[in-house]
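The values are calculated or read from the model by the stated rules, or taken from the named source; none is laboratory data. Computed from a prediction, not measured in an experiment: that's the story for all the values here. Don't worry about glycine lacking a Cβ; one is built from the backbone with ideal geometry, like all the others, and counts go over all protein chains shown. Protein only, heavy atoms only, side chains kept; ligands, DNA and RNA dropped before computing areas. Shrake-Rupley method; radii C 1.70, N 1.55, O 1.52, S 1.80 Å.
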Amino acid sequence: MAKRVGLEVSIAVGDAVKLANADVVAAYPITPQTHIVEHLAELVANGELQASYIPVESEHSAMSACAGASAVGARTFTATASQGLELMHEVLYIASAMRLPIVMTVANRALSAPISIWCDHSDAMAVRDTGWIQVFVENGQETVDNVICAFRIGEDKRVLLPVMIHLDGFSLTHVIEPIMLPERAEVDKFLPPYNHPLTLDPEKPVTMGAFGPPFIYTEVKWAQEVNLEAAKKVILECWQEFGKAFGRYYSPVESYHSEGAKVLLLTMGSLSETAMVAVDKMRGEGKDVGLLKLRLWRPFPFAELRQAVRDAEVLIVLDRAISFGGPGGPVCSEIKAALYHEAKKPKVIGFVGGLGGRDISMSGFEKMMNQGVEIAQTGSEREFEIFGVRE
Amino acid sequence: MAKTKARPKARAEGELSWKDIEIGCIITEPGSGSQFKTGDWRSRRPVIDFNQCNKCTLCYYYCPEGCIAKTPEGYFEADLFYCKGCGICAEECPKDAITMVEEEK
């Protein structure tokens, strides 16, 4: 039986990777990801995890080493954040296009300048189009569960894609939470061994990452897109199986009192926890509000999102990143696009807030929702609202 | 690049569908590149005058594509399926037997 333990979420991530029996960990330490990889280095050094730990000289090398390891058939894990994720950027595309099911936790952190070690989602949004499966989690338990699921989803022969688990830096990575840590036998039963059909093997040589002239590139990219879209079925299946085995169920768009609510707020990551409390309070005061939490970011859950907002009149979307000179927040602009052709759709009001570790409190969410409803009625000259900025 | 079982011999460009692509565009067959026409961006092609040629083999050795082969008569000719028109053969030919001619169509 799984035990409920009090663990720092980063340590729990390391333990989850140990339970998944990773073969290779290649990582470069960067705040606020450090505790994850330090713990893994310890587990390997103590012999508790039979894996190679490759202490590389940069994140670019970390992802390159992971690509090589995954290509020979090793179960591979890494973690990074912010500038580190940006430094490995070009290799991210290679990992997904070469269909290497690397699992990576990203301890979401703002991008420089100015240097900020604190959380927002600008690092995640910058790697939106890299072809990875991407999942946002909101607490420690979800992190552990989804790290285990990530290996199973990515390594599924119908998928064979890398998976990023986004967890908020500090507000999750450095917080001690009660976590149900599964037993080894339970994880072994849930997670089959990694067996890629085409690995680098001298007995059966193959070439990976070769030249793709104009006559083939479009076909390769379309095959990749079809594959990522088709991965959704496997993701849903995996979450269902995980629920049956461990009693905790996940879905692409999670709802909290959203059924039939006229005003909906949509959040991602750890701020969803505060938003739930704000929704409770407002509902207690008789306000018709609900919350949606976008868990699956890639592949984007179009059908689930459309279904979830069907009855709402106003949908307020919080982005923790700015698309400079663009429509405000990447999440909001994608949601607007997803709803554009719907006959019946809510007014979508975008807020950008929670940047660089700026907290949004319960009363902050109340204020945001009230302001959003007001803007939905009166209109605004801006493409989006910036939340909590000092004039 | 293409799935191994797909076909035995060269497919011209434009015949491979996205469904024929191997996982991750991985190449499972050594030398499969020879199935694909790489001589399609040539702007000049080598024309060899057999009357000048003394069969010295220098063009054969210098060709970076390895696309020059011996004819049954012992002369040398470029395979235009692969030749990119670099002109190294013409440059190196000690008998000036090779002329680079503009590709007009």
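Structural remarks
- A Förster radius of 30 Å, combined with the Cβ-Cβ distance separating A:LYS262 from A:ASP129, puts the computed FRET efficiency at roughly 0.35.
- By definition, a body whose alpha carbon gyration tensor gives a ≥ b ≥ c is oblate when a/c is 1.5 or more and a/b is not larger than b/c, and region A:275-368 fits this oblate description.
- Rounded FRET efficiency, nearest 0.05, which uses the C-beta distance separating A:VAL72 from A:GLU225 and R0 of 25 Å: 0.40
- Distance in nm between pseudo-label sites at B:THR99 and B:LYS70 (7 Å out along the Cβ direction from Cα): 2.8
- DSSP bridge pairs, chain A: antiparallel proportion in percent, nearest 5: 25
- Fraction of accessible area attributable to carbon and sulfur, the protein assembly as shown (%, probe 1.4 Å): 53
- Contact surface B-A: accessible area buried, both sides summed, square angstrom, 1.4 angstrom probe: 1500
- Probe 1.4 Å - accessible area at A:ILE11, Å² to nearest ten: 50
- Value at 222 nm in deg cm²/dmol, rounded to 500, when DSSP H runs of n ≥ 4 in chain A each add -39,500 (n - 2.57): -13000 deg cm²/dmol
- For region A:296-342, chymotrypsin sites (Phe, Trp or Tyr not before Pro) are listed when DSSP marks them as loop and at most 11 other Cβ atoms sit within 10 Å of their Cβ; the list is A:PHE324, A:TYR340.
- Spatial separation of Cα centroids for region A:183-232 and region A:1-46, in angstrom: 25
- Rough spin-label spacing in nm, given labels placed 7 Å along Cα→Cβ, for A:ASP311 and A:GLU273: 2.9
- Amide H contacts of A:ILE316 (H built 1.01 Å from N, under 5 Å, at least 5 apart or other chain): A:LEU264, A:LEU265, A:LEU266, A:ILE349
- Of the GluC sites (Glu not before Pro) in region A:17-95, the ones in a loop by DSSP (not H, G, I, E or B) with at most 13 other beta carbons within 10 Å are A:GLU48, A:GLU57.
- Compactness index (Cα Rg / 2.2 N^0.38 Å), region A:318-391: 1.11
- Sites A:SER380 and A:ARG158, calculated FRET efficiency, Cβ-Cβ separation with R0 41 Å, nearest 0.05: 0.40
- Spin-label model distance (nm) - B:GLU92 vs A:LYS281, 7 Å beyond Cα toward Cβ: 8.0
- Protein heavy-atom accessible surface, 1.4 Å probe, per residue over chain A: 41 Å².
- Pairwise centroid distance, computed over Cα atoms, of region A:242-261 with region A:352-370, Å: 24
- If a spin label sat at a point 7 angstrom from the Cα of A:ARG184 along the line to its beta carbon, the backbone N atoms of region A:43-70 nearer than 16 Å would be those of A:43-51.
- Entries in A:LYS244/A:LYS344; A:LYS293/A:LYS344; A:LYS157/A:LYS345; A:LYS293/B:LYS19; A:LYS336/B:LYS19; A:LYS293/A:LYS347 that, when Cα-Cα distance is taken, lie over 27 Å: A:LYS244/A:LYS344; A:LYS157/A:LYS345; A:LYS293/B:LYS19; A:LYS336/B:LYS19
- The chymotrypsin sites (Phe, Trp or Tyr not before Pro) found in region A:144-223 that occupy coil by DSSP, while having at most 16 further C-beta atoms within 10 Å, are A:PHE211.
- Here region A:97-137 is scanned for amide nitrogen atoms under 17 Å from the site 7 Å beyond the Cα of A:ASP201 along Cα-to-Cβ, giving A:100-101.
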